[in-house]
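Quick notes on the structure that follows.
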Amino acid sequence: MVRLCVICNKERAIVKRPKTGQQVCRECFYYVFETEIHNTITDNKLFKQGDKVAIAASGGKDSTVLAYVMKLLNQRYQYGLDLFLLSIDEGITGYRDDSLETVKRNQQQYDLPLKIVSYSELYGWSMDQIVKEVGLKNNCTFCGVFRRQALDRGAVILDVDHIVTGHNADDIAETVLMNILRGDIARLPRCTEICTTGDGSIRRSKPFKYTYEKEIVMYAYFKKLDYFSTECIYSPNAYRGHVRTFIKDLESIRPSAIIDIIHSGEAFEIKEGVKLPVQGVCKRCGYMSSNELCKACMLLEGLNRGLPKLGIGKNFK
Amino acid sequence: MSSLIKVNLTFSGGVELLFNNIKQKIIEIPSTINPPKPTTMKDLILWIKDNLLQERSELFVSGNTVRPGILVLINDTDWELEGELGYEIKDNDEIVFISTLHGG
């Protein structure tokens, strides 16, 4: 029994789309996958002609597919974008040094300029050194906070207008649930925004906001894209891991659950009169912050003073 | 009578880490692991768990199927189109397991 593609009705179907349940052939899969991302980009007016855009590239599946698709759409639809690859070297031996090799290959394959900025040069500390200091309990906090700023700083060095990241629909659904579970009202509305403006005027957006992880991996598989997949040697983020497993379980029962959670997050409204933290700037480094010192400066101060717990957990507020 | 069938396995996207970093392996299994029924994907997954899996089996199997988040392709087709656990394995089938759970 041969299942035909529901789009062209000619070729044999090879993928069942999680978002729609459609069975599609290889060529139609490529077409709908790419076109949906193009539509997300144009519906949300993410870019304008002449924009300089940095693709945050880790060498993993999402950013590898993002770099490939951005390059392709930029040519196909003449966005007129100047594209760059921007990578962060956290300084994790045996993990990031390997994945950066993948990014360097991508640079050749896609013919895009690459800039790598390291935690060592930005902060004076590599993740290997930080782990020696703080152990394996809170290291992911350091890494996450530092990475966010590092991308912005790399973008300043490259003088780009815009950073695109490979966050996919599954990631965003995860973040929505995590913010609900933690009661983080301030982050909840922000986390579903497709485009945010952070420090200065650099915009940051997620062209894969509505793209399922399954389709990204299938796309990479059929296109034989070269990506790196190993777990970070410093244990994965446990809390996110639980939520992730939960989302995958939901997806296996009802695939639309992922997009439904994103829509719920988008529809979330805060009652009038609820006080939210005011976004200000860090008095030390000028980065956006809702406290006097931004979290990165707080963490750095702890590291430099030999009090690495400073800025971690409840004491921070 | 049960004969042996050859199956070409591929592990990628990070699942290979559970198999001693082996990305490809050709195995020979009985055409009827559970006589009289022909060997199915369900039988194959349990066979892999018992015979090939090196560590942390909960990262590969969950109940009697693969853990959600691991994609399966049968001869380059999404197994969701091939009957998943009920698919009957044939000689020279190519089965691919890809983890989507590793960082991007």
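The values are calculated or read from the model by the stated rules, or taken from the named source; none is laboratory data. What you see is a predicted model; the values in this text were computed from it and never measured. FYI the Cβ positions are ideal-geometry reconstructions off the backbone, even for glycines, and counts take in every protein chain you see. Calculation scope for accessible area: heavy atoms of the full protein, side chains included, ligands and nucleic acids excluded. Shrake-Rupley method; radii C 1.70, N 1.55, O 1.52, S 1.80 Å.
Once the range B:18-57 is narrowed to residues that are under 23 Å from A:Gly60 (Cα atoms) and touching a Lys or Arg at 6+ places or on another chain (Cβ under 9 Å), the residue that is modelled with the lowest pLDDT is B:Leu18.
Considering the range B:50-80, and only residues there that are of a type in the set (Gly, Ala, Ser) and open to solvent by less than 70 Å² (accessible area, probe 1.4 Å), the residue that is farthest from the other protein chains (Cβ to nearest Cβ) turns out to be B:Ser57. Of the residues making up the range A:92-103, at least one is at pLDDT below 90, open to solvent by 50 Å² or more (accessible area, probe 1.4 Å) and of a type outside the set (Asp, Glu). Answer with yes or no whether A:Thr141 is at negative phi, within 14 Å of chain B (Cβ to nearest Cβ) and of a type in the set (Val, Ile, Thr). Answer is no for this residue.
Criterion first (over 23 Å from B:Thr100 (Cα atoms), outside any helix (DSSP H, G or I) and assigned by the TED database to the domain that holds A:Asp82) does A:Ile180 satisfy it? Don't jump to the end; show me each part of the working.
Details: over 23 Å from B:Thr100 (Cα atoms): yes; outside any helix (DSSP H, G or I): no; assigned by the TED database to the domain that holds A:Asp82: yes.
No; evaluated as a whole, the condition is false for this residue.
Within the range A:287-303, residues that are farther than 21 Å from A:Lys275 by Cα reach partners that are open to solvent by 50 Å² or more (accessible area, probe 1.4 Å) and not in a helix (DSSP H, G or I) with beta carbons closer than 6 Å, at six or more positions or on different chains, in the pairs A:Tyr287/A:Asp199; A:Cys297/A:Arg284; A:Cys297/A:Cys285; A:Gly302/A:Leu310.
From A:Ala67, A:Ala54, grab the single residue that is of a type in the set (A, V, I, L, M), assigned by the TED database to the domain that holds A:Leu122, open to solvent by less than 60 Å² (accessible area, probe 1.4 Å) and in a helix (DSSP H, G or I). So that I can check it myself, show each step before the final result.
Details: A:Ala54 fails: in a helix (DSSP H, G or I).
Every option except A:Ala67 fails the conditions.
Annotation note: Cβ proximity below 6 Å between a residue of the range A:29-42 that is closer than 20 Å to A:Arg12 by Cβ and not assigned by the TED database to the domain that holds A:Tyr221 and a residue that is surrounded by 18 or more Cβ atoms within 10 Å (Cβ to Cβ) and not hydroxyl-bearing (Ser, Thr, Tyr) (sequence gap 6+ or interchain) occurs for A:Phe29/A:Val15; A:Phe33/A:Glu215.
For the range A:28-51, a tally of residues being open to solvent by 40 Å² or more (accessible area, probe 1.4 Å) and either of a type in the set (S, T, N, Q) or within 14 Å of chain B (Cβ to nearest Cβ) (or both) returns 4. Look at the range B:81-99: where a residue is away from every other protein chain (no Cβ under 13 Å) and a partner is assigned to a loop (DSSP other than H, G, I, E, B), sitting 6+ places away or on another chain with Cβ atoms under 7 Å, you get B:Ile89/B:Thr39; B:Asp93/B:Asn75.
Quick one: how many residues across the range A:76-94 are part of a helix (DSSP H, G or I) and either among the hydrophobic types (A, V, I, L, M, F, W, C) or within 13 Å of A:Gly50 (Cα to Cα) (or both)?
0
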